[in-house]
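**Q** Please find one structure pasted underneath; my questions will follow.
The values are calculated or read from the model by the stated rules, or taken from the named source; none is laboratory data. Here the structure is a predicted model, which is why all the values come from computation and not from measurement. Neighbour counts are summed over all protein chains in view; Cβ atoms, including those assigned to glycine, are modelled from backbone coordinates with ideal geometry. Just so you know, the surface numbers come from the protein's heavy atoms only, side chains and all, with ligands and any DNA or RNA stripped out. Shrake-Rupley method; radii C 1.70, N 1.55, O 1.52, S 1.80 Å.
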Amino acid sequence: MTDLGYERPAISVLIVDDQPLIRHSLAILVEGSPDLEVVGEAATGREAVRLARKFVPDVILMDIRMTDGDGIEATRSITADPSLATCRVLVLSMFELDEYVYGALRAGAGGFLLKDAQPDQLVDAIRRTHAGESLFAPAILIRLVECYVNRPAASPVSRLDAVTERETEVLTLVGRGLSNDEIATALTISIKTVKTHIGNLLAKLHARDRAQLVIAAYESGLVSRG
């Protein structure tokens, strides 16, 4: 209950995993938070797409390796569906193999966490994903940087020609995995200003969400191992 005396709508979550025990454990964890609720569970990629269209959840916890359609294909189908434009996909996986990371992000996932994350980290990730931020396990960010840092930038000048100097600074920090609060502190600006810059970047770079801004930061050569 908020100070204003009304209850905010809970963040609806769809859990997708082919292992019943993991689904059950995730459901208990999610339901243990008063601002989160489980609206459905799916064991396959195809079922995930069907239930996403049925419930239109705020956040989808998506496994990668499943039978009857993998998580990457399911993510691609969900993010390509205009009726599911408000759904955000947070990938959970036991694996940090490159092809899974890049495939999930390019399919439109809003973040990528490993299943060894702490319970409070997962709950925070759901909230931040719903708020429009992107979450990446540290090991995932390292792999993304290692992938892009040693190859030529993808036409950084033409890609960023409409981006202002301040927006470039914000994009760089987004690429490094900083949250809105951390970016505001680093640049000594307000949260509202950070959100405005990110909105401008999404429009100028034709990015669907913050995860695609992360990719743009790498591809444009703004983020390096240093």
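**Q** Quick check on my filter: what residues within segment 211-226 are open to solvent by 10 Å² or more (accessible area, probe 1.4 Å) and under 16 Å from the mean Cα position of the chain (by Cα)?
**A** Gln212, Ile215
**Q** Six or more apart or on different chains, Cβ under 6 Å: which pairs go from a residue in segment 101-130 that's farther than 18 Å from Ala80 by Cα to one that's assigned to a helix (DSSP H, G or I) and open to solvent by less than 30 Å² (accessible area, probe 1.4 Å)? Could you list them?
**A** Val101/Ile140; Phe112/Val101; Phe112/Ala104; Phe112/Ile140; Leu113/Ala125
**Q** Does Ala74 qualify as being at pLDDT 95 or above and in a helix (DSSP H, G or I)?
**A** Judged against the criteria, Ala74 is not a match.
**Q** Does Leu61 count as within 27 Å of Ala207 (Cα to Cα), modelled with pLDDT of 95 or more and not in a helix (DSSP H, G or I)?
**A** Details: within 27 Å of Ala207 (Cα to Cα): yes; modelled with pLDDT of 95 or more: yes; not in a helix (DSSP H, G or I): yes.
It is true that Leu61 is within 27 Å of Ala207 (Cα to Cα), modelled with pLDDT of 95 or more and not in a helix (DSSP H, G or I).
**Q** Another one. I'm trying to understand the selection: among the residues of segment 180-210, which are surrounded by 18 or more Cβ atoms within 10 Å (Cβ to Cβ) and among the polar types (S, T, N, Q)?
**A** The answer is Asn180, and nothing else.
**Q** If we keep just the residues of segment 77-108 that are within 17 Å of Val214 (Cα to Cα), touching a Lys or Arg at 6+ places or on another chain (Cβ under 8 Å) and of a type in the set (A, V, I, L, M), which is modelled with the highest pLDDT?
**A** Only one residue tops the list, namely Ala107.
**Q** State all residues of segment 104-121 that are outside any strand (DSSP E or B) and either open to solvent by less than 20 Å² (accessible area, probe 1.4 Å) or among the hydrophobic types (A, V, I, L, M, F, W, C) (or both); if no residue qualifies, say none.
**A** Restricting attention to segment 104-121, the residues satisfying the condition of being outside any strand (DSSP E or B) are 104-110, 115-121.
Listed by number, the residues that qualify are Ala104, Leu105, Ala107, Gly108, Ala109, Gly110, Ala117.
**Q** Within segment 40-56, is there a residue that is part of a loop (DSSP other than H, G, I, E, B), at pLDDT 95 or above and open to solvent by 50 Å² or more (accessible area, probe 1.4 Å)?
**A** Yes, the conditions are met somewhere in segment 40-56.
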